[in-house]
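See structure below.
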Amino acid sequence: MTEILLKNADLILTMDESRQELPGADILIRDGQIAGIGQGLQAQGEVHDVSGCLVTPGLVNTHHHLYQTLTRAVPGGQDALLFGWLQTLYPIWAKFGPDEMFTSAQIGLAELALSGCTLSSDHLYLYPNGSRLEDTIAAASELEIRFHPTRGAMSIGESDGGLPPDSLVEEETAILDDMIRVVDAFHDPSEGSMCRVGLAPCSPFSVSRDLMRDAALLARDKGVMLHTHLAENDEDIAYSQAQFGCRPGQYAEDLGWTGPDVWHAHCVKLDGAEIDLFSRTKTGVAHCPCSNCRLGSGIAPVRTMRDAGVKVGLGADGSASNDNGNLMLEARQALLLQRVVNGADAMSAREALEIATRGGADVLGRPDCGRLMPGKRADVAVWDMRCVESAGSWDPAALLLAGPMQVKHLFVEGRQIVRDGHITTIDLPRVIERQNSLAKELQA
Ligand SMILES: [Zn+2]
């Protein structure tokens, strides 16, 4: 039995059923789970004094393309709309191999962890030069972060009227075979699981209708989740109407892509009927506010979605379209964008933090994560409110309105992966060096 005690937190934001906020409280962690929350708790093992700190559930990232950390701020893609941006980057990504996938995933996941993220999904939809999904799973397992990788795919290349070059697309039968392989090898459905695999054709414009339908059938057969990009911007809607004769919501529904085991990234352009569809079917949304700003896609109707009961989580999105991977900044941006559209009372800091924690966990089908309650997984973020950004703050809302934007300590499944602002599990300076040298090679 391993016990860890976090003692004397200034305040614990539990995100439990009644959103309790507990001043001067402790958290007892036992064998990866939260064993108790309250005052005067005792432990057999390690004790951390967290006075002066705010404690929250670990943040949950519901959409990312970790490999893109190797192509941040690429000239030519910096100021382009989505489709033009993709066409600039595809030839660069075509040069990636297993080492690029592993190293970029470590960087992306470490960056997320430092911003308080304990559970991240990833959407890897290209596999050039022998790359495989397990390159990223190995990166997550070394870092010891909870990971939901998805086996993405593209099958319609330029010669078939698609967007990606032919060298980056795969045969659909090979895609389905590899989907089966990675689910069988790496998916762990158990409670407290550190790795759950999902199936994720890249988008309706990069795979066929058949692959969308087959992936949905396979996911249901295997009991895994489905993920893709949907209704990201106006071009996306126009493409759907021109190619499929319907809006993206209808396309998704027709092919089995709605339900509690499905979540879609972006959904910036969902209309009222599509929001109702998502609410009725318990389909989740990965809201990526910084990416939507960066690519000029628009502002997702998150206020309307939440009011309609749609499950919404946050996504950092690929580091080539953000280009930052700090999830706390996403929570802040989500709040700011809803206020731009709907006024200053449209979203509170507490609601944005709820979306970032239990909201994301619910989108990923993880009710065992995203809240601090006895029996839930011990994924805990500790924020030092004695830092310069939050000096003078009157309320925990300062975490989003002021800072800090990086954690002091982070625990995943009860294991400490950030201590005093530093990653404990991997040699991050060495990985940064490796990443930078790979980025240089890609420029050559
Ligand atoms: Zn994306």
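The values are calculated or read from the model by the stated rules, or taken from the named source; none is laboratory data. Computed from a predicted structure; not experimentally measured. Counting neighbours? That spans all protein chains shown, and the Cβs are built from the backbone with ideal geometry, glycine included.
Brief remarks on what is shown
- Residues in the range 152-173 that are among the polar types (S, T, N, Q) and under 18 Å from ALA215 (Cβ atoms): SER155, THR173.
- From the options ALA139, ALA153, ALA231, ALA200, residue that is buried (at least 24 other Cβ atoms within 10 Å of the Cβ), within 16 Å of the ligand (Cβ to nearest atom), under 30 Å from ILE423 (Cβ atoms) and aliphatic (A, V, I, L, M): ALA200
- Residues being surrounded by fewer than 16 Cβ atoms within 10 Å (Cβ to Cβ) and either touching a residue at least 12 places away in the same chain (Cβ under 8 Å) or in contact with a Cys (Cβ under 6 Å, 6 or more places away or on another chain) (or both) - total across the range 234-249: 3
- Any chance ASN292 is in contact (Cβ under 8 Å) with a residue 24 or more places away in the chain and either in contact with a helix residue (DSSP H, G or I) (Cβ under 6 Å, 6 or more places away or on another chain) or away from the ligand (no atom under 16 Å from the Cβ) (or both): no
- Options ASP379, ASP368; residue that is crowded, with 24+ Cβ neighbours inside 10 Å and either among the basic types (Lys, Arg) or at pLDDT 95 or above (or both): ASP379
- Elements of type helices (runs of 4 or more DSSP H) contained in the range 105-224, each with 3 or more residues being modelled with pLDDT of 95 or more and small (Gly, Ala, Ser): 133-143, 209-222
- Meets criteria (in the same structural domain as LEU86 (by TED's automatic domain parsing), more than 13 Å from the chain's Cα centre (by Cα), within 22 Å of ARG371 (Cβ to Cβ) and away from the ligand (no atom under 16 Å from the Cβ)) for LEU277: no
- Selection within the range 303-336 - of a type in the set (S, T, N, Q) and away from the ligand (no atom under 16 Å from the Cβ): THR304, ASN326
- Filter result (under 17 Å from ARG209 (Cβ atoms), more than 20 Å from the chain's Cα centre (by Cα) and either within 16 Å of the ligand (Cβ to nearest atom) or in contact (Cβ under 8 Å) with a residue 24 or more places away in the chain (or both)) within the range 253-274: GLU253, LEU255, GLY256
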